[in-house]
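In what follows, a structure is listed as structure tokens, so that the remarks can point back to it.
The values are calculated or read from the model by the stated rules, or taken from the named source; none is laboratory data. Computed from a predicted model, the values in this text were never measured in an experiment. Here the Cβ positions follow ideal geometry from the backbone for every residue, glycine too, while neighbour counts run over all protein chains shown.
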Amino acid sequence: MEEISLRELIEILLKRKKIISGITAFFIICAVVVSLFVLDPVYEAKTILMTSDINKVMNKDTSGVDGILDTINQYPQMNVQTYKEQVNNPHIIDEVIKKLELDKLNINRRSLQNMISLDNVKDTNLITITIEYSDPEMAAKIANSIGEEFTKFVSNNAKKQATKSEGYVKEQLEQEKSKLNDTLVEYKKFLQKPEGTQELSKEVNSKLDIITKYKAKLIDVEVEEKKALAKLSKSKEILNSTPEKIELKKSLADNTEMFNTIKDSLGQGSKELYEVNVTEEILNSNYMSMKNSINNLETYLATVKAEKVNVKEKIGKTQRELESLQIKLAERQHEERIINEKVKFAQNTYDSFLKKYEEIRIAKTSAIGDAAISIVSDAVIPMEPAGPNKKLNVAIAIVLGLMIGVFVAFFMEYWKESEKELVK
């Protein structure tokens, strides 16, 4: 059945081939006539622009306050697609119309936008602006004017952003300057306070030196105490082994007073008395000398012990004073560290705002648009028309004629067969 159906279709086409050929020929003739005598020749003029991101030109990738400022004052992101969309901006189109007086040629904003076609070269930052118009010289002028006006438009927008950023940064700069001055006044008052860090540090070092001297003296006193104790112990041992008194045997005649007294009381002759011996106890001079030495040692030992106690008290007192000074010094150092950080932060913040202000001020007076987008190739007057494309028009006519011819052929066959069925 499918082969029969296909055969029938082919037979219908062969049967109606004259009609199909006639319709196709008619469309071809129309396409040729329109291309040659109706349609005006169209010329293409191309301007090529090279784009870049303003933020990469103006801003730096930094951290801290600089990074924050770069983020706040960042220009709108402009990539190739964004630039392409901006080319058809009504402001640019109106400026081109006004500049070239295109309204005298009955070219309005919509018709001019329809003339423009945009494309970017693959894997590049190049944008091609193509203008199609019947006048080759005017096409080139329009393409070049659009490129120039677009560059001005980008530059003006960048300058507007720079002006806005400049006002903000300038206002903040004054505030940061005031904060810096307040911080410096606070730092000055801190330096004027009594017992600064340097003074306290010197006092701490002085107290440490005094404690060191006292401890060295304490060691000397303890050594003297040990020596005195050793001498005292040795002296007491010697004293214990030394008799307090000693007995002396001597003749009575050696004591004249006693000799005369006895002689007078006894009435004996002196010869017999000379032969009498007497035993006498006297104090041992060595014993007394040793005892005096022990007393002196005990007195000296008491003095040494008193000095030892005194030195210890002075060490304790000085250590307490040292601890108090160290606490004060730590507090002062903490205060100084905080105020120094505040001054440093305020100074760095002010410097960052000042630097950014100068950058924006310079950028405002420079050609920012030229840094972001530039014309790398001006449009030239085309020598040959780009359209109409006669071959393409004829090809379209052939395809369209064949389609309509086939449709007419099938419709006629269908109409004929339907008529036969109605007659039956």
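Data for the structure
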read-out	value
Sole exception among (1) charged (D, E, K, R); (2) outside any helix (DSSP H, G or I); (3) at pLDDT 90 or above for K179, by number	(2)
Lone unmet requirement of (1) at pLDDT 85 or above; (2) buried (at least 18 other Cβ atoms within 10 Å of the Cβ); (3) in a helix (DSSP H, G or I) for A31	(1)
Selected residue [at pLDDT below 80, surrounded by 14 or more Cβ atoms within 10 Å (Cβ to Cβ) and either within 30 Å of L14 (Cα to Cα) or over 28 Å from the mean Cα position of the chain (by Cα) (or both)] from A397, A386, A409	A386
Hits in the range 81-104 - residues which are basic (K, R) and surrounded by fewer than 17 Cβ atoms within 10 Å (Cβ to Cβ)	K98, K99, K104
Cβ-Cβ under 8 Å pairs, at least 6 apart or on other chains, the range 178-196 side closer than 21 Å to Y350 by Cα and outside the structural domain of R332 (by TED's automatic domain parsing), far side aromatic (F, W, Y) and surrounded by 12 or more Cβ atoms within 10 Å (Cβ to Cβ)	K179/Y350; L180/Y350
Candidate set from the range 307-361 (those that are hydrophobic (A, V, I, L, M, F, W, C) and touching a Phe, Trp or Tyr at 6+ places or on another chain (Cβ under 8 Å)); member that is farthest from Y168 (Cα to Cα)	V311
Members of the range 323-353 that are under 30 Å from E166 (Cβ atoms), surrounded by 12 or more Cβ atoms within 10 Å (Cβ to Cβ) and free of Cβ contacts under 8 Å to residues at least 24 places away in the same chain	F345, D351
Exclusive hit being surrounded by 14 or more Cβ atoms within 10 Å (Cβ to Cβ), closer than 30 Å to N156 by Cα, in contact with a Lys or Arg (Cβ under 8 Å, 6 or more places away or on another chain) and modelled with pLDDT under 85, set K364, K356	K364
Filtered residues of the range 117-140 (kept if in contact with an Asp or Glu (Cβ under 8 Å, 6 or more places away or on another chain) and not small (G, A, S))	I127, T128, T130, I131, E132
Which numbered condition G147 fails, given (1) buried (at least 20 other Cβ atoms within 10 Å of the Cβ); (2) in contact with a strand residue (DSSP E or B) (Cβ under 6 Å, 6 or more places away or on another chain); (3) at pLDDT below 85; (4) not β-branched (V, I, T)	(3)
Some residue of the range 41-57 being over 60 Å from the mean Cα position of the chain (by Cα) and at pLDDT below 85	yes
